[in-house]
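Here the structure comes first, spelled out in structure tokens, and everything after it is commentary.
The values are calculated or read from the model by the stated rules, or taken from the named source; none is laboratory data. Note that the structure is predicted; figures quoted are calculated from it, not measured. Note: ideal-geometry Cβ built from the backbone for every residue, glycine included; neighbour counts use all protein chains shown.
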Amino acid sequence: METRKFLKLSVLKSKHLNNWRLFFLIFGINSLAMIGYMPTQDLSTPGGISEMIQASVRVCVPLLFLAFACSAIAAHSPKPIRQWLTRNRRSFGLGFAAGMGWQMFFILWILFFHTEYYVDEVYGGVRSFLVYRLGPYAFLTAMTITSFHPVRRKMNAKVWHLIHWFGIYYLWWDVTYTYFDEFMVYNDIQIVDYIYFALGMLGYFARVGERTRLIFRTLRKPVRLDTVPT
């Protein structure tokens, strides 16, 4: 039994499930899902393209929540899983960013062919569109670019951490609030809206809970008298 468990966990060390190969695997699965779903929609209508926009988000949102709560999940996982999660947190984030590239593709499609429908019907005007879409995409782009080591090395460490700390909370809020808004405002309620809102809140409480635990653990550490300045 222990041997089989070890073999299952040792798979996580495979080069195909780590770093860039894991990223390409995630993006490949994401892309296959989107390409496979496209024939089911009438892409000559704005409604069909809007459905593809929603589907592109639903496919990759779990990656955002995983990256958001990765440290908290890793802290309470067996060592092999903890190491795998910690090692591949960047791959999860980049996988989400690449998946959102599909959303951008369909947004540009609908903006080009059905501009008024998307801006007015979906977002209620140009101002709302700029506030609700450009902000998240600006932070997602900044976080993606600064995730690469050559760029990160040239940045001030505090600025880098601020971008990624604020950015991950901003993206979490944007996605979670969107699903909350779906079942509070609109009539077209689907079970996935409840599931993703619940996952978003669980990710938040897990992250905050782990941070709180670390703070209390630090405060409880005994202070050595020989290290206290006199």
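Below are the figures for this structure:
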read-out: First in the range 191-202 and within 18 Å of Ile73 (Cα to Cα), second anywhere and aliphatic (A, V, I, L, M), Cβ under 6 Å, 6 or more apart; value: Tyr196/Val61
read-out: 2 or more residues among the polar types (S, T, N, Q): qualifying helices (runs of 4 or more DSSP H) within the range 1-93; value: 2-10, 19-37, 46-68, 79-87
read-out: Residue within the range 176-189 that is within 20 Å of Phe92 (Cα to Cα), in contact (Cβ under 8 Å) with a residue 24 or more places away in the chain and either surrounded by 12 or more Cβ atoms within 10 Å (Cβ to Cβ) or touching a Lys or Arg at 6+ places or on another chain (Cβ under 7 Å) (or both) present; value: yes
read-out: Output for the range 93-115, where each listed residue is closer than 23 Å to Trp165 by Cα and among the aliphatic types (A, V, I, L, M); value: Leu94, Ala97, Ala98, Met100
read-out: Residue within the range 158-168 that is more than 21 Å from the chain's Cα centre (by Cα), assigned to a loop (DSSP other than H, G, I, E, B), modelled with pLDDT of 90 or more and under 23 Å from Arg89 (Cβ atoms) present; value: no
read-out: Every residue from the range 51-65 that is modelled with pLDDT of 95 or more and either of a type in the set (Lys, Arg) or farther than 16 Å from Ile29 by Cα (or both); value: Phe65
read-out: Qualifying residue in the range 34-42 (condition: crowded, with 18+ Cβ neighbours inside 10 Å, in contact with a helix residue (DSSP H, G or I) (Cβ under 8 Å, 6 or more places away or on another chain), closer than 25 Å to Tyr117 by Cβ and of a type in the set (Ser, Thr, Tyr)); value: no
read-out: Verdict on Cys70 being within 22 Å of Phe166 (Cβ to Cβ), surrounded by 17 or more Cβ atoms within 10 Å (Cβ to Cβ), touching a Gly at 6+ places or on another chain (Cβ under 7 Å) and of a type outside the set (S, T, N, Q); value: no
read-out: Residue in the range 43-67 that is surrounded by the most Cβ atoms within 10 Å (Cβ to Cβ), counting only those that are of a type in the set (Ser, Thr, Tyr) and over 19 Å from the mean Cα position of the chain (by Cα); value: Ser50
read-out: Evaluation of Val119 against (1) among the β-branched types (Val, Ile, Thr); (2) at pLDDT below 90; (3) surrounded by fewer than 17 Cβ atoms within 10 Å (Cβ to Cβ) (one fails), failing number; value: (3)
read-out: Matching residues in the range 152-175 - criterion: being loosely packed, with under 12 Cβ neighbours inside 10 Å and over 19 Å from Pro62 (Cα atoms); value: Arg153, Lys154, Asn156, Ala157, Lys158, Val159, His161, Leu162
read-out: Subset of the range 20-70 [of a type in the set (Gly, Ala, Ser), over 16 Å from Ala97 (Cβ atoms) and touching a residue at least 40 places away in the same chain (Cβ under 8 Å)]; value: Ser50, Ala69
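Yes or no, residue by residue, for (1) in contact with a Phe, Trp or Tyr (Cβ under 6 Å, 6 or more places away or on another chain); (2) outside any helix (DSSP H, G or I); (3) within 30 Å of Tyr117 (Cα to Cα); (4) modelled with pLDDT under 80:
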| position | (1), (2), (3), (4) |
| --- | --- |
| Pro136 | no, no, yes, no |
| Met155 | no, yes, no, no |
| Trp173 | no, no, yes, no |
| Met184 | no, no, yes, yes |
| Phe197 | yes, no, yes, no |
| Met201 | no, no, no, no |
| Gly209 | no, no, no, no |
| Thr212 | no, no, no, no |
| Asp226 | no, no, no, yes |
